[in-house]
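Comments concern the structure below.
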Amino acid sequence: MATDYYAVLGVRRDASQDEIKKAFRRLARELHPDVNPDPKTQERFKEINAAYEVLSDPQKKQVYDLGGDPLSASGGGGAGGFGQGGFGNFSDIMDAFFGTASQRGPRSRTRRGQDAMIRLEIDLNEAAFGTTKDIQVDTAVVCTTCSGEGAAPGTSAQTCDMCRGRGEVSQVTRSFLGQVMTSRPCPQCQGFGTVVPTPCPECAGDGRIRSRRTLTVKIPAGVDNGTRIQLAGEGEVGPGGGPAGDLYVEIHEVPHAVFQRRGDDLHCTVTLPMTAASLGTKVPLETLDGMADIDIRPGTQSGQSIPLHQHGITHLRGGGRGDLIVHVEVLTPMKMDVEQERLMRDLAKLRGEERPTGQFQPGQQGLFSRLKDAFNGR
Ligand SMILES: [Zn+2]
Ligand SMILES: [Zn+2]
């Protein structure tokens, strides 16, 4: 047997219909909203659909349990999935989500499509100042051949003669309780109340086709990791050419080589030799706004921070910008030759530092207060 449908859904072989439905719902929610043309996700989604199509249908399940594969036997059915006009079990997905199967009367062929989501990677510069990007999305769009009707050009849907348009059929059965009347969705029209005698060849009657489009998205300045931009009506077109859901573009910020972002502030560390920190200097730094000279004052301590106000990320709301904060790390010389060591000892003697006693404080107060100042932008 080619596929283990039970394993695909992650259920035991004796799982109840309820358990099968629950497992399918969970997986469909996980996998479906992603319209990224990533073939792996689409492949997984097809698999769980095929598994659900078989295991949720008592007849197909029986065939399968006896060792057959009902999907290949029936010539494909809904297992074809995307790209081949095979949206056959989309109604099952909708049923799973909204429970429309138990609803009375004929089901509408037209339903609103699902929301979709796509990831978009941007760099720090683009997040700081905003940008415009072209993205490729892979969603269902209205079939142009049938304008979403699902019927081949020149034909139309007709009232189902088995249920006379009611969408369900009733049956009287005899049981030990007496006569019992049961209703079930009409098998001929699947509950729609109409049948399409000649389905549109382009979309196989679904009213929509899979299509890859290029969209231009405006990214405002100040977006952060996880920010979602909503594009109304750019998601999946619904069954029967129903109104499209929304498309969400989720921002993923690529880490910058030098700057670390915290909120709208940027942080970086500059390492300086002890002499430069003591005498003072200027160090060039490539900021988001171009080159800037960082002014290291004479006597700068390790752990001290130098803020460059308004050099961070633009605030998403309210205008203005965060700060760029440069943290200083002073390097103590480690390997010194004889001459350097002599100079150092002379310096210590001149400064009266030959036998320093040190100043002790509880905890790491000095370091902590300096770090706190840095976060407060002072
Ligand atoms: Zn069509
Ligand atoms: Zn019918």
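The values are calculated or read from the model by the stated rules, or taken from the named source; none is laboratory data. This is a predicted model, so every value here is computed, not measured. With ideal geometry, Cβ positions are generated from the backbone for all residues, glycine too; neighbour counts draw on all protein chains shown. SASA here: full protein model, heavy atoms, side chains in, ligands and nucleic acids out. Shrake-Rupley method; radii C 1.70, N 1.55, O 1.52, S 1.80 Å.
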*Identify all residues within the stretch 157-177 that are in contact with a Ser or Thr (Cβ under 6 Å, 6 or more places away or on another chain) and of a type in the set (Gly, Ala, Ser); write none if there are none.*
Ala157, Gly165, Ser170
*Which pairs do you get when a residue that is within 15 Å of Glu236 (Cα to Cα) and modelled with pLDDT of 90 or more, found in the stretch 133-149, comes within reach of a residue that is open to solvent by 60 Å² or more (accessible area, probe 1.4 Å) and within 8 Å of ligand 1 (Cβ to nearest atom), reach meaning Cβ atoms under 7 angstrom, with the pair 6+ apart or on two chains?*
Cys143/Glu202
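Residue-wise test of (1) closer than 19 Å to Arg26 by Cα; (2) modelled with pLDDT under 65.
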site: Glu43; (1), (2): yes, no
site: Lys61; (1), (2): no, no
site: Gly75; (1), (2): no, yes
site: Gly88; (1), (2): no, yes
site: Arg104; (1), (2): no, yes
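Being open to solvent by less than 80 Å² (accessible area, probe 1.4 Å), within 18 Å of Thr131 (Cα to Cα) and away from ligand 2 (no atom under 16 Å from the Cβ) narrows it down to one residue among Ala204, Ala221; which is it? Let's see the steps before the verdict.
Working: Ala204 fails: within 18 Å of Thr131 (Cα to Cα).
None of the other options fit; the residue is Ala221.
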_Residues that are within 16 Å of Arg107 (Cβ to Cβ), crowded, with 18+ Cβ neighbours inside 10 Å and more than 11 Å from ligand 1 (Cβ to nearest atom), drawn from the stretch 140-167_ = Ala157, Cys160, Cys163, Arg166, Gly167
